[in-house]
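Engineer: Pasting a structure here, questions to come.
The values are calculated or read from the model by the stated rules, or taken from the named source; none is laboratory data. It should be emphasised that the depicted structure is a prediction, and the values quoted were computed from it without experimental measurement. Here Cβ is always computed from backbone atoms with ideal geometry, including for glycine, and neighbour counts include all displayed protein chains. Accessible surface is based on the protein model in full, side chains and every heavy atom, while ligands, DNA and RNA are left aside. Shrake-Rupley method; radii C 1.70, N 1.55, O 1.52, S 1.80 Å.
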Amino acid sequence: MDVSNSCNEQQALEIVFFDLETTVPKRGGERFWVLEFGAIVVTPHKLTEIESYTTLIRPKDLSVVSVKSSRSDGITRKAVENAPSFEDVADRIFSILNGRVWAGHNIQRFDCVRIKEAFNDINRSAPVPVGIIDSLGVLTEKFGRRAGNMKMATLASYFGLGQQKHRSLDDVRMNLEVLKHCATVLFLESSLPNTLHSKWYGSSSVMTRSRSDGKSPCKEETSRKSPPTSYGYQRTVPYARGSLGKVTERVKGLLCKAQGQPPLQHLLKHSHSLLR
């Protein structure tokens, strides 16, 4: 057996959740600059974290970074002034991303674009994923807007997972927990679809995706990580916040059945037929 091929195949099965913190352009024509990168690598069938990496990043022009942050734990100019440049950490970022399944919240419209820009800035080829799981799109379609909007902070609050810190490594771990909880709800719905699903969504006031205007913006994000709000639907809250933690672990076993594809995407896609 070719050892290098075996390692490449194993890496292709691993999922890397990643997130970027960036500057926010103050006027039209300005760009985003990466200030922090954070990622965790998880196994596909048990979701065990096997690797993590995070680093602050100093942009070429420090003046684009605010002296003070509106968040208590936000990134300031002083925080990044002695941080490595993107070029200094590009090899490490490339190695953790390239050839793996990428996962994250709104990454297709934001983080993937910023990664490509950053590598272009240093005249290097950007890492390439073997697949992408964007939890914003997956959860909008499968879980719906029962929590309100689709921002990570809102979803985390809905499940009692605490406050989003807007720091890369903390946010990717929160992203994974949100997905676990959403998958649990969808699994429970699939177990008694005629009881739970009809009870929770039977109200005529509920607007479904098919009844909305059907417009889904596909252009690049123009503001930092804000999911689109031009379409959506409100659904009644099925559980009290924080009540799902005990059952989350029971769902993990189901992920072992998702041979050959990212487990979270498989579970979310087929949650309504698993027990039929």
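Engineer: For residue 181, what accessible surface area do you get with a 1.4 Å probe? Give it in Å², rounded to 10.
Structural biologist: Solvent-accessible area, nearest 10 Å²: 10 Å².
Engineer: So, one more: Leaving out ligands, DNA and RNA, what percent of the accessible area of the range 15-191 is carbon and sulfur, probe 1.4 Å?
Structural biologist: Summing carbon and sulfur atoms, their accessible area is 48 percent of the total for the range 15-191.
Engineer: Follow-up. Using mean Cβ contacts within 10 Å as the protection proxy, how do 147-159, 119-131, 94-106 order, highest first? Each step should come with its number before you reach the end.
Structural biologist: Values: 147-159: 19.4, 119-131: 13.9, 94-106: 21.3.
The peptides rank, most packed first, as 94-106, 147-159, 119-131.
Engineer: Taking the solvent-accessible surface of protein heavy atoms with a 1.4 Å probe, what is the per residue accessible area of the range 15-191 in Å²?
Structural biologist: Result: 41 Å² per residue.
Engineer: Keeping all protein chains in place and using 1.4 angstrom, which order do 179, 56 fall into by accessible surface area, from largest down?
Structural biologist: 56, 179
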